[in-house]
Amino acid sequence: MYDVIAIGCGPFNLGLAALASEVRDVELAVLDSRPEFTWHRGLMFEDAMLQVSFLADLVSLVEPAHHLSFLSYLKDSDRLYQFYVREKFHPTRREYETYLRWCAAQLDSLHFGHHVRDAVWNGSAFELTVERGDAVETFEARHLVVGVGTEPSVPAALAGLPEERFLHSADYLFRRDDLLRSGHVTVVGSGQSGAECFLDLLRSDGPAVSWLTRTAAFTPLDYSKLVLEMTTPSYVDYFHGLDEPARDRLVKDQWRHYKGISSETLEDIHDVLYARDLSALPAELQVGVGVVAAVARADGLELTMLHADSGKTFQHSTGAVVAATGYRNRPLPFMESLQSQIEHDAAGRWVINRDHSLATSDALAGRLFVANADLHSHGVAAPDLGIGAIRNAGILNSIAGREVFRLPKSTAFTTFAIPG
């Protein structure tokens, strides 16, 4: 019998295990179906930077002296002085994954190769049916944390394209060689992933490249300091207290805070385009256009594009498509037995309390917590790595029934609610 089982081992549940490793009276296990910990391998470009400070590690914003902090990793790997001289707060994405794997290697609460098939409440505990190779095992826990992450989202207009000519940006580096052999590659979507794929194709001096997006511009990530206060616990407190229509409106309007492109990447793209222009290598960028249909022809793909401003359509021919079209919450079939005991809002989404637990019926005595499935209830901070340690500390405080971790009381200079 565990106090808590966390399902899925991304950075957020890995951080939960890291914090719990120093809480003696909370017995925790993390179950993940993958054979080992990995993170965004298909987009692990050599020079890709993390978009948050190294302080957004698994523990530092709650326990900066924790033995699994990023600085502890640097000291252990004899890179601390080099990082100091480097004078950059943002590590590369590759080094951040190396840090995460370093943490995972030190935690015996992680169990990979464990696929959760079903979860039920048996009256006194959550009972999990878990596949482990050819065996089926049963795990029990008083509480659950669901953090199985997201999966690539592909628009219906692109869903039927042949696999040999189509891929999601999540698999870009796995299929890069195939793309470079294509005569023309089109990147659809203009978030950070789309920008990085487009930039890599430009630098390759290989195929002709097109970059198409529905947005009215290739929009930079809004990363100014006072805007960043909207990813703090202070703003989460305010956002969670709003009614559902207000929260939905804000999430829709705030996409630039987490779906934009870093200014550095946009500058790099322009520099490469300027140099590429001298060699007459073709490159096309177009904004305000969306894919409404796509078909495979003998010589490639044909996309029907809708131009938003004019309302007219046109045809776009290409050899291959990279869909940088974002991610969606992963389906959770193992939760089906519990759905009737979970409260849902008007849009059919889970009702999530401020401490990240689900609102459930009285018959469910154990508590269900979620990680990074709370954008609609907790705002733009939900997917931000910088909120992970705070969220996990709050979850562990709730499970332990006491303040195991002291949470910050003031995290923003901005006042969001009505004064007083």
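Data for the structure
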| item | result |
| --- | --- |
| Matching residues, region 332-349, being open to solvent by less than 40 Å² (accessible area, probe 1.4 Å) and of a type in the set (A, V, I, L, M, F, W, C) | L332, F334, M335, L338, I342 |
| Some residue of region 175-185 being within 20 Å of H316 (Cβ to Cβ) and within 24 Å of the chain's Cα centre (by Cα) | no |
| Leading residue by the ranking (least open to solvent (accessible area, probe 1.4 Å)) among those in region 372-390 that are of a type outside the set (A, V, I, L, M) and not in a helix (DSSP H, G or I) | D374 |
| For T313: the one exception among (1) open to solvent by less than 40 Å² (accessible area, probe 1.4 Å); (2) touching a strand residue (DSSP E or B) at 6+ places or on another chain (Cβ under 7 Å) | (1) |
| Wholly within region 1-97, helices (runs of 4 or more DSSP H) carrying at least 3 residues that are open to solvent by 20 Å² or more (accessible area, probe 1.4 Å) and either of a type outside the set (A, V, I, L, M, F, W, C) or without any contact (Cβ under 8 Å) to a residue 24 or more places away in the chain (or both) | 70-76, 80-86 |
| Selected residue (only one of L273, L250, L278, L242 is touching a helix residue (DSSP H, G or I) at 6+ places or on another chain (Cβ under 8 Å) and without any contact (Cβ under 8 Å) to a residue 12 or more places away in the chain) | L242 |
| L364 being open to solvent by less than 30 Å² (accessible area, probe 1.4 Å), of a type in the set (A, V, I, L, M, F, W, C) and part of a helix (DSSP H, G or I) | no |
| Filter pass, V120 being at pLDDT 95 or above and either surrounded by 12 or more Cβ atoms within 10 Å (Cβ to Cβ) or closer than 30 Å to L180 by Cα (or both) | yes |
| Flag if A320 is more than 20 Å from the chain's Cα centre (by Cα) and open to solvent by 30 Å² or more (accessible area, probe 1.4 Å) | no |
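The values are calculated or read from the model by the stated rules, or taken from the named source; none is laboratory data. Quantities reported herein were computed from a predicted structural model and do not represent experimental measurements. Every residue, glycine as well, gets a Cβ built from its backbone with ideal geometry; the counts of neighbours run over all protein chains shown. The protein model used for the area step is the full one, side chains on, heavy atoms only, and it has no ligands, DNA or RNA in it. Shrake-Rupley method; radii C 1.70, N 1.55, O 1.52, S 1.80 Å.
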